[in-house]
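Trainee: Quick one: the structure is below, questions incoming.
The values are calculated or read from the model by the stated rules, or taken from the named source; none is laboratory data. Being a predicted model, the structure only gives us computed values, none of them experimental. Glycine also receives a Cβ, built like all others from the backbone with ideal geometry; neighbour counts cover every protein chain displayed. Accessible surface areas use protein heavy atoms only, side chains included; no ligands, DNA or RNA. Shrake-Rupley method; radii C 1.70, N 1.55, O 1.52, S 1.80 Å.
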Amino acid sequence: MAIKTLQVEKELRKARRALDDATYEMIRHTESMGIDTVFTRQAKYDESFLGIEKSRCYFGSMGICCRQCAMGPCRIWSSELPPSYRLSTPRLDRGTCGAGVDTIVARNLLMMVGRGTAAHASHAKHVASALLKSAQNKANLKHPEKLKSIAAKLKLDANAKPEDIAMQVASIALLDILGDEKSMRFAASYCPPSTVEDLLRLGAVPGSAGKELLEEGHETSMGTMADPGSLILHAARLGVADIASLIIGSELQDVMFGVPKPVLSKIGFNVLDKNKVNVVIHGHVPMLSEKLVELSEDSELLGKARSCGAEGINIAGCCCTGNEVLMRHGVPLAGSSLQQELIIATGLVEAFVVDVQCIYPNIENVAKRFHTRIITTMKEARLAGAEHIQFEEGNEDEAARRILNTAIQNFQKRGKEIFLPEKEAVELMAGFSVEVCMDVLSKINSEDPLKPLIDNIASGNIYGAVLLAGCTSPKITADASHVTIAKELLKQNVLIIATGCAAQACARAGLLSPAATEQYAGDRLKGVLWLLGKTAGLDTPLPPVWHFGSCVDNSRVIILVAALADKLGVRVKDLPIAASAAEWITEKAVAIGTGSVALGVTVHLGVTPPVIGSPEVLSLLTRKSEELFGGKFIIEIDPTKASELLYEHIKEARKKLGLMI
Ligand code: NFS
Ligand code: SF4
């Protein structure tokens, strides 16, 4: 397979750079203004000069480059390299130290999983510290019900005082992140017992995330771990630590900010309001953004906005911070990670507020062309030229006021170069959570809420479920892979759940609206979605794609899957489900994907992972992992073929369970 996948990517992105018309129009607009974006920079890699392709580095793409020490960097020769590379590279299958291709690829992969896990564990740490602080201050915990359910999972006394439970939960979370523990309690308590057994047997139960990261750093350093199998096993263990970190982050955020409930909202550049002070919030940790949303209705600040000539303060979201405030408050989304520069290029953003992760350094350069103020808020993610208003647990109110005041004062400086695409913002329904699902299902069967779901799966009304997760990518036609897979599978009565930027891609294509059920869902699935919609008190069906939240909220899907496996008495790998990171970009996506595979989920990747240079690692990830963990990666760049493979996987699982196929 190998290098062919890189060619397919290229053909796909040449067809069209973004599926969404509004994004497409904004790309053209920025190009006409000479503004550089992720799309134009990506396109530069497709140009050729004097007949020589200026491609991305093939060594990097295949994962066969090592710069672990100063005898290197070393690059491994492969017969798959294009001719110019083959000629200019010594015909060596080892680096100077003697590391072979399998070691180098496995080491690189483990480092990617490490960085992804570090991002999620650090997010979880912020949230756990905030919960601990509120508990110590005996602050009013707004959502004690959620706290009780966490206590029950962790086998704590759920009837203790909320602040005592909070203190214990936060302390366990912090030990899971940074302690010298044998096993992460959140991993052991939230995974089905059969999964924990399997992981224990394989040596894939993580100590704390911090401990695994320390060992990862050590093992991948020059001249340490050279065994590819052990490196990949460690990647699996870290992947599980990553999933446990997601669970901590998202469960504890629910305690502090509430469990999402269905909300109606919109997505698109047009959610920016020409008459209001526009504040866009971007990143992943929603602690300060919660306050910004709250204070956007503060009478004093609104008065100031009016005296500056604005009609009000409009908060719009981007990426996962956007998903968080959409899920809990219905705040509209301006765009996903790929759109961040384009959002600024509307000329309508007074303040672009970022916390951590997926923040393109180039937003500073785009902002310089407009009046937009970029404001960084966390110590982990600063930009050299941006204003920094530091958020610390406890200073939310003060920091948020400063930010909003800055934005308000900036309103009058808005320039004349304003541009919004023709396409109106698209309506969507979001706010799905495990609790919401159980709530609706318990209206059908209060004794046994999972039964109606299981019955519908058994009868084939719900043929299976696929999670569309992760990013949207400029390496292919942005959004198109997610949307194609969703539409293809819906036809076959496969329910789609989506998170992160993938959910936003589906939203832009109109798939998060009840109307999409009529248009895209197969008849049997349509019937179920109507029933659930009516049961939930709507006079429409539920949408065919369920927005489960940010990437951190992939944990919600894992929790739902674990409950199903438990209830049916089968292993996760036996369920008619799969996940797809069809347009993955980040190390975080690699960590979540690896963790999911370790838990028994089959995960599709639609962008070539940098492992194709090692036949052994490739086989470990796409074949042997299935024997060991039950889950595996499927690599398929063409989204139509990928839908077929995902469908086949579900069909196989149904067959093995003895269900109708
Ligand atoms: Ni997930 Fe969310 Fe988007 Fe990818 Fe980035 S915003 S955490 S990593 S790019 S989906
Ligand atoms: Fe080369 Fe080995 Fe150094 Fe890597 S660790 S750069 S393969 S000599």
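Trainee: Just read off the accessible area of Lys451 with the full protein assembly in place, 1.4 Å probe, to the nearest 10 Å².
Mentor: About 90 Å², ignoring ligands and nucleic acids.
Trainee: Work out how much length Asp164 to Lys14 would gain on full extension: take 0.36 nm times their residue separation and subtract the Cα-Cα distance, in nm to one decimal.
Mentor: 48.3 nm
Trainee: Could you please state, rounded to a whole Å, how far the C-alpha centre of the stretch 413-471 is from the C-alpha centre of the stretch 276-331?
Mentor: 24 Å
Trainee: Obtain the nm distance between the two label points defined at Leu659 and Asp448 by a simple spin-label model: each point lies 7 Å from its Cα along the Cα-to-C-beta direction.
Mentor: Those two pseudo-labels are separated by 1.6 nm.
Trainee: While we're looking at this one, here's another question. Cross-link partners among aspartates and glutamates for Lys54, C-alpha distance below 19 Å, same-chain residues fewer than 8 apart left out?
Mentor: Glu9, Glu11, Asp36, Asp46, Glu80
Trainee: Roughly how many whole Å is it from the C-alpha centroid of the stretch 181-208 to that of the stretch 209-258?
Mentor: That distance is 12 Å.
Trainee: So for the chain, averaging the separation of alpha carbon pairs under 8 Å that are six or more residues apart and normalising by length, what relative contact order in percent results? Please report the intermediate quantities before stating the final value.
Mentor: Working: 1399 pairs, mean separation 113.1, N = 661.
Answer for the chain is 17 percent.
Trainee: Can you give the accessible area per residue of the stretch 205-268, in Å², using a 1.4 Å probe?
Mentor: Averaged over the residues of the stretch 205-268, the accessible area is 29 Å².
Trainee: Where Lys and Arg each count +1 and Asp and Glu each count -1, what net charge lies around Leu383 among other residues with Cβ under 14 Å from its Cβ?
Mentor: Result for the local shell: -1.
Trainee: Could you calculate the contour length gain from Met438 to Glu31, that is, 0.36 nm times the residue separation minus the distance between their Cα atoms, to one decimal place in nm?
Mentor: That pair, Met438 and Glu31, stretches by 141.8 nm at full extension.
Trainee: Right, something else. Relative to 2.2 N^0.38 Å, what does the C-alpha radius of gyration of the stretch 2-99 come to as a ratio? Two decimals please.
Mentor: Against the empirical 2.2 N^0.38 Å value, I get 1.39 for the stretch 2-99.
Trainee: Quick check: with the 1.4 Å probe, what order do Leu490, Leu200, Leu87, Leu467 take by accessible area, largest first?
Mentor: Leu87, Leu200, Leu467, Leu490
Trainee: Quick one: plug the Kirkwood hydrodynamic radius of the chain (C-alpha pairs) into Stokes-Einstein at 10 °C, 1.306 mPa s, and report D in µm²/s.
Mentor: Approximately 63 µm²/s, per Stokes-Einstein.
Trainee: Using protein chains only and a probe of 1.4 angstrom, how many square angstrom of Lys138 are accessible, to the nearest 10?
Mentor: 130 Å²
Trainee: At a 1.4 Å probe, what is the % contribution of carbon and sulfur to the accessible area of the chain?
Mentor: Answer for the chain: carbon and sulfur cover 53 percent of the accessible area.
Trainee: Continuing with this model, one more query. Using just the Cα positions, wrap the stretch 102-257 in a convex hull and report its mean projected area in square nanometres, one decimal place.
Mentor: Details: hull surface 35.6 nm².
One quarter of the hull surface, i.e. the mean projection, equals 8.9 nm².
Trainee: May I ask which of Lys274/Lys368; Lys4/Lys44; Lys534/Lys641; Lys487/Lys567; Lys443/Lys567; Lys573/Lys651 have a Cα-Cα span longer than 24 Å here?
Mentor: Where the Cα-Cα span goes over 24 Å, the pairs concerned are Lys534/Lys641; Lys487/Lys567.
Trainee: Only residues of the stretch 378-419 count here: report those whose backbone N is under 16 Å from the spot 7 Å along Cα→Cβ of Lys368, or say none.
Mentor: The answer is 383-387, whose backbone nitrogens lie closer than 16 Å to the label point.
Trainee: For Trp530, Trp584, Trp77, give the ranking by accessible area with the largest first, probe 1.4 Å.
Mentor: Trp530, Trp77, Trp584
Trainee: Follow-up. For Lys413, give me every one of the aspartates and glutamates with a C-alpha distance below 18 angstrom, ignoring sequence neighbours fewer than eight places off in its own chain.
Mentor: Partners found: Asp273, Glu311, Glu350, Glu364, Glu387.
Trainee: Report the FRET efficiency, 1/(1 + (r/R0)^6), for Ile418 and Glu387, where r is their Cβ-Cβ distance and R0 is 25 Å, rounded to 0.05.
Mentor: So, using R0 = 25 Å, E works out to roughly 0.65.
Trainee: Across the stretch 102-257, how many lysine pairs, 8 or more positions apart or on different chains, have C-alpha atoms separated by under 16 Å? Please give the number.
Mentor: 10
Trainee: Another question, if that's okay. Compute the label zone of Lys567 within the stretch 475-512: residues whose backbone N is under 11 Å from the point 7 Å along Cα-to-Cβ.
Mentor: none
Trainee: From the helices alone, meaning DSSP H stretches of at least four residues, give me the mean residue ellipticity at 222 nm for the chain, per-run term -39500 (n - 2.57), in deg cm²/dmol to the nearest 500.
Mentor: -15500 deg cm²/dmol
Trainee: Let me cross-check Met660: its accessible surface, 1.4 Å probe, with only protein heavy atoms counted, in Å² to the nearest 10?
Mentor: Answer for Met660: close to 100 Å² accessible.
Trainee: Now for a different question. Using the Karplus curve 6.51 cos²θ - 1.76 cosθ + 1.60 with θ = phi - 60°, work out ³J(HN,Hα) for each residue of the stretch 303-318 in order, rounded to whole Hz, and write x for Gly and Pro.
Mentor: These are the phi-based 3J(HN,Hα) values: x, 4, 4, 5, 5, 8, x, 9, 7, x, 10, 10, 9, 10, x, 9 Hz.
Trainee: Another question about this same structure. So how much slack lies between Lys155 and Glu300, counting 0.36 nm per residue of separation and subtracting their Cα-Cα distance, in nm?
Mentor: Taking Lys155 through Glu300 to full extension adds about 47.6 nm, to one decimal.
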